[in-house]
1. Please state the Cα pair-distance histogram of the range 1-138 with 5 angstrom bins from zero: what percent is in each bin?
2. If you average the alpha carbon positions of the range 206-223 and of the range 299-323, how far apart do those two centres end up, in angstrom?
3. Please give the charge dipole size of the range 105-262, origin at the Cα centre, charges +1 on K and R Cβ atoms and -1 on D and E Cβ atoms. Round to the nearest 20 debye.
4. Which net charge results for the neighbourhood of residue 246, defined as the other residues with beta-carbon distances under 12 angstrom from its beta-carbon, given Lys and Arg at +1 and Asp and Glu at -1?
5. Rank the residues 35, 56, 291 as a footprinting-exposure proxy: fewest other Cβ atoms within 10 Å of their Cβ go first.
6. Quick one: net charge of residue 258's neighbours, Cβ under 14 Å, K/R +1, D/E -1?
7. Pull up the cross-link candidates among the lysines for residue 281, meaning alpha carbon to alpha carbon under 23 Å and not fewer than 8 places away within one chain.
8. If you rank 309, 206 by fewest surrounding Cβ atoms within 10 Å, what's the result?
Amino acid sequence: MIYFDNSATTFPTERVRAACSAALADDLSGNPGSLHKLGVAANTAYNDCLASVSRLLGAKQTEIVFTSCATESANTAIRGFMSRNKRAGNTIVSTRTEHKATLECLSYLEKNGYNVVYLPVGSDGKPDLAALEEVLTKGDCALMCFTLVNNETGSILPNDEIVKIKNRVSPSTVYYLDAVQALGKMRIDLHKTGCDMCSFSGHKIHGVKGVGVLYVRDGVRIDPFVLGGGQQNGMRSGTQSLVLAKSFEAALEEASEGIEESYDNVASINAYLRKELAARKAMILSPDDALPYVLNVSFDGFESETMLHCLEIYDIFVSTVSACSSKSKKVSYVLLESGVPQKIAANAVRISFSRYNTMAEAEEFIKCVDDIYDKFAVRK
Ligand code: PLP
């Protein structure tokens, strides 16, 4: 099997499985809120885990909340901030190329009377910074929402430039950043990013499904999304799951250890595929300066889904548009917003890598693409 669909999800590593199994031991299975020794043991292990995740992300322990997924983190941050800070302004600025986890929150807020300004994005997927400055200058912008690495194209946000503009023009605007596809691939030091709230997902970094993280900088107030017993400083009620927190910690530690070597490995796979595919008249849609972990390619003569299923015959797995919306058979809104013509976007396939992919897999992929063109392409 060649698994090139790592932006959709990844498989848990041995280390993650071992961490889960250790966390499931009887002596760690008490409720972290219980006063007896089983509760104390679970609570101690949970707090150690929180401390290590916070340190790896460059945040304080009080700033990190475990959630069920990045979608929950986004909902908590975006809706929770606007609900708590009604006098911060009526405008939110973002783009139409965000993940649905953000876009649906923005659409909900629009229906509730907020003014959402969607900045145009260029063919490189980057938001128009002059337009951002114009919006921020008006003085009514409570929140801005951007994505550090786009999940469909790998386009990297000009984060430092955005933070500079915000700090100069509208320092009180709060900045929500989706860093789901960046985590474990680029070094992230939350206090240095300039963002105020940030979301992450365990299953994108070889952790397990069911755990996400939300960062909320100390001093930023939000209404919690999940109400109840007041766990996690009241930011997200519900009995804490040691096994899920531990799975995230193990995945993050492992990803952080070899981050530069992994990047170089994936960058060489990406460069090889770009060269070979372009020579076969496939069109590379990811920007030249995209994160190498995502490669969006339009295959001449094959609609996205047809190519996906042709590759599947060879036990190769890729995506069409992002996995959560791919069942609706739509053409990628991210590509259309970035100015890719409909006919080209209709043939787009997202190939996405993990640090465990190899050059041998990339070479095999190219052989299979050649075979697919030989066997299945309609001769003109
Ligand atoms: N944000 C981005 C950029 C993503 O790629 C995804 C998942 O595809 C999400 C948010 C949502 O993550 P989760 O599946 O953890 O809810």
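The numbers here are math on the coordinates, done by the rules we state, and not lab data. Not measured: the values here are computed from a predicted model. Neighbour counts run over all protein chains shown; Cβ positions are idealised from the backbone, glycine included.
1. Result returned by the calculation: 2, 8, 11, 13, 15, 14, 12, 10, 8, 6, 2, 0.
2. Distance between centres, Cα-based: 33 Å.
3. I would put it at about 420 debye.
4. On the way: positive: 15, 17; negative: 48, 249, 253.
Overall, the nearby charge balance is -1.
5. Ascending Cβ contact count within 10 Å gives the list 35, 56, 291.
6. On the way: positive: 15, 185, 187, 355; negative: 253, 254, 257, 260, 261, 264.
The answer is -2.
7. Here the lysines satisfying the reach criterion relative to residue 281 are 343, 367, 375, 380.
8. Taking fewest neighbouring Cβ atoms as first place, the list is 309, 206.
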